[in-house]
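Here's the structure we're looking at; comments come further down.
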Amino acid sequence: MLPRPDLGEEVVCVPVEVILLPVAHERLERGEAELRRQPGGRPDRLVVLVDGDGSFVMNSQELATVVENQLPVKMVIINNGGHGMVRQWQDIIYGGRFHSIDLSASPDFVKLAEAYGAVGIRASKPNEVVPALEKAFAVPGPVLVDVMVDRDEFCFPMVPAGGANKDMLLERPTKDVKAKAAKSQTGF
């Protein structure tokens, strides 16, 4: 069970943005706009951004916004060293032919947060995640939590592009499902 700050029912979560969607950039901007709007308009609300490192790096300058305004935003980065959802698609649909997904040149996100004046915390092992979140929720200002995960860890459930909810994957697909996905334009 993840820790929940004692702020009543007023918790706003901005979900992970999937960079494969055609409207991804627009959705990322809306997510960042939500971060700016909610705490300023309702300072009693907690805003939590959960994002992948590939997505976060595209908007990391927003750290300046939250620090300058001392917004109590908690940013949780699921850091797999690359574009994890793209890696997942390339594994499932393209038979593991990976291209342009690793981000070896990404910054140290804890140091980046500190450079902007926010608190940076890293969780490198599963047993460090809950204590890191507890610490983040205890800090009154902006906090970035960098959660390290294996680059081959997949995220489920997953609905294939062009698919319906009935096509939802709940776990790593079998070889037969991967073969079917490879034959389709949309993945299924």
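The values are calculated or read from the model by the stated rules, or taken from the named source; none is laboratory data. Computed from a prediction, not measured in an experiment: that's the story for all the values here. No Cβ is skipped: glycine too gets one built from the backbone with ideal geometry, and neighbour counts run over all protein chains shown.
Inside the stretch 61-114, can you point out the residues that are within 16 Å of the chain's Cα centre (by Cα) and among the basic types (Lys, Arg)?
Lys74, Arg87
Just checking, does the stretch 86-95 include any residue being loosely packed, with under 14 Cβ neighbours inside 10 Å and either farther than 30 Å from Glu68 by Cβ or charged (D, E, K, R) (or both)?
Within the stretch 86-95, one or more residues are loosely packed, with under 14 Cβ neighbours inside 10 Å and either farther than 30 Å from Glu68 by Cβ or charged (D, E, K, R) (or both).
Residue under question is Asp102, and the condition is that it be free of Cβ contacts under 8 Å to residues at least 40 places away in the same chain, surrounded by fewer than 18 Cβ atoms within 10 Å (Cβ to Cβ) and of a type in the set (Asp, Glu); does it hold?
Considered against the rule, which asks whether it is free of Cβ contacts under 8 Å to residues at least 40 places away in the same chain, surrounded by fewer than 18 Cβ atoms within 10 Å (Cβ to Cβ) and of a type in the set (Asp, Glu), Asp102 comes out as no.
Name every residue in the stretch 118-135 that is part of a helix (DSSP H, G or I) and crowded, with 21+ Cβ neighbours inside 10 Å, in order of residue number.
Listed by number, the list holds a single entry, Leu133.
Given (1) out of contact with any helix residue (DSSP H, G or I) (no Cβ under 9 Å at 6 or more places or on another chain); (2) without any contact (Cβ under 8 Å) to a residue 60 or more places away in the chain, where does Ala123 come up short, assuming only one miss?
(1)
Go through the stretch 156-169 and give me each residue that's under 19 Å from the mean Cα position of the chain (by Cα) and at pLDDT 80 or above.
Pro157 - this is the single residue of the stretch 156-169 that is under 19 Å from the mean Cα position of the chain (by Cα) and at pLDDT 80 or above.
Mind listing whichever residues of the stretch 72-109 are hydroxyl-bearing (Ser, Thr, Tyr) and under 16 Å from Met158 (Cβ atoms)?
Tyr94 - this is the single residue of the stretch 72-109 that is hydroxyl-bearing (Ser, Thr, Tyr) and under 16 Å from Met158 (Cβ atoms).
A quick yes/no check of all residues on (1) part of a helix (DSSP H, G or I); (2) on the phi > 0 side of the Ramachandran plot; (3) in contact with a Leu (Cβ under 9 Å, 6 or more places away or on another chain); (4) of a type outside the set (A, V, I, L, M, F, W, C):
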{"site": "Val110", "(1), (2), (3), (4)": "yes, no, yes, no"}
{"site": "Phe137", "(1), (2), (3), (4)": "yes, no, yes, no"}
{"site": "Glu171", "(1), (2), (3), (4)": "no, no, no, yes"}
{"site": "Asp176", "(1), (2), (3), (4)": "yes, no, no, yes"}
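For Ala132, only one of the following conditions fails: (1) over 17 Å from Val50 (Cβ atoms); (2) at pLDDT 95 or above; (3) among the aliphatic types (A, V, I, L, M). What is its number?
Tallying (1) over 17 Å from Val50 (Cβ atoms); (2) at pLDDT 95 or above; (3) among the aliphatic types (A, V, I, L, M), Ala132 fails exactly one: (1).
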